[in-house]
Amino acid sequence: MNNLFEQSVDRHAQIIWDYMQLSTPLEKVECMIVLGSNDPRVAETAARLLQDDWAKYAIYTGAVGRGTHGLYGTSEAEYFARYALDAGVDSSRIFIEPQATNTGDNFRFSIEMLEEKSLSPNSFLLVQKNYMCRRAYATFRVHYPTEKVVLACPELTYLNYPYQHIDKTLFINTLVGDLQRMWLYAEKGYQIVQDIPQEVMDAYLRLVQMGFDKQLA
């Protein structure tokens, strides 16, 4: 990318990044749900939160997705849970759900696991990638309309998010695709409706015009 083009991309992508993040002040809860992905910094964050007892127990959820095929050698849930176990978190506080392949399944299968274990938490902490937090919240609310929910993500900025196997081009394509799913999935009933400011939609359309359309549905 030439300098002027890259500056324009960054300007529009930053707008979407800022919108897609959704964080809340930390509060202690009963159940943490850690959503698997291709970003193990989420696992590092979740491990620290469990060590500090922000949740009584955690469900790690995620199969092998498109972005993690051949990456971990196991399911996202199992790989992420290792971070907490290696940090000394008691295994009795960790439940692993290795079948979910999308955000809806993350919550559906987690709910099934809670029911199997006769657990009925009324407060949750969701741990997810920065730009997936709003989607995670919107999906969670379909299943738990009124329960207390807290959101946490790694302490990263737009500029330092890309790393290792998540290069900048893949990152921006995914950011654009996840924004599109905010309204597509709401229309299907997979998420609650979220207001999307015109500035965010304008940034989305501009990035699609610039060729960042590889992760569109």
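Observations on the structure shown:
- For GLU97, the residues whose amide H sits under 5 Å from its own are TYR60, THR61, GLY62, ignoring neighbours fewer than 5 places away on the same chain, with H placed 1.01 Å from N.
- Charging the Cβ of each Asp and Glu at -1 and of each Lys and Arg at +1, and nothing else, the dipole of the chain about its Cα centre rounds to 200 debye.
- Accessible-area ranking of VAL149, VAL176, largest first, probe 1.4 Å: VAL149, VAL176
- For the chain, the relative contact order works out to 25 percent when only alpha carbon pairs closer than 8 Å and six or more residues apart are counted.
- Solvent-accessible area per residue, Å², over the chain with all protein chains present [probe radius 1.4 Å]: 47 Å²
- The shape of the range 42-108 can be summarised by an equivalent ellipsoid whose semi-axes, obtained from the alpha carbon gyration tensor, come to 21, 13, 9 Å from longest to shortest.
- Added length on full extension, which subtracts the Cα-Cα distance from 0.36 nm per residue, ARG48 to GLU27: 6.1 nm
- 12 Å beta-carbon shell around PRO98, net charge (K/R +1, D/E -1): -4
- Globularity index of the range 136-183, i.e. its alpha-carbon radius of gyration over 2.2 N^0.38 Å: 1.45
- Mean separation of Cα contacts under 8 Å, 6 or more apart, over the residue count of the range 67-157: relative contact order %: 23 percent
- Charging the Cβ of each Asp and Glu at -1 and of each Lys and Arg at +1, and nothing else, the dipole of the range 130-217 about its Cα centre rounds to 180 debye.
- Legend: P(r) of the range 83-175 from all alpha carbon pair distances, 10 Å bins from 0, whole percents, reading 13, 38, 35, 13, 1.
- Over 26 Å (Cα to Cα) - which of LYS168/LYS188; LYS129/LYS214; LYS28/LYS129; LYS56/LYS188 fall in this group: LYS168/LYS188; LYS56/LYS188
- The chain - percent of accessible surface contributed by carbon and sulfur, probe 1.4 Å: 48 percent
- The largest accessible area among GLU78, GLU147 belongs to the first residue in GLU78, GLU147, and the rest follow in falling order (1.4 Å probe, all chains).
- Selection from GLN209, THR103, LEU22, by position along the positive dipole direction of the chain (Cβ): GLN209
- Alpha-carbon Rg with Dmax, taken over the chain, Å: 17.1, 57
- Spin-label pair MET113-TYR163: with each label point 7 Å from Cα along the Cα-Cβ axis, the two points sit 2.4 nm from one another.
- Percent antiparallel among DSSP beta bridges (both partners in the chain, rounded to 5): 5 percent
The values are calculated or read from the model by the stated rules, or taken from the named source; none is laboratory data. All of these numbers come straight from a predicted model, not from anything done at the bench. Ideal geometry is used to build each Cβ from the backbone, glycine not excepted, and the neighbour counts take in all protein chains shown. Areas reflect the complete protein model, heavy atoms only, side chains present, ligands, DNA and RNA absent. Shrake-Rupley method; radii C 1.70, N 1.55, O 1.52, S 1.80 Å.
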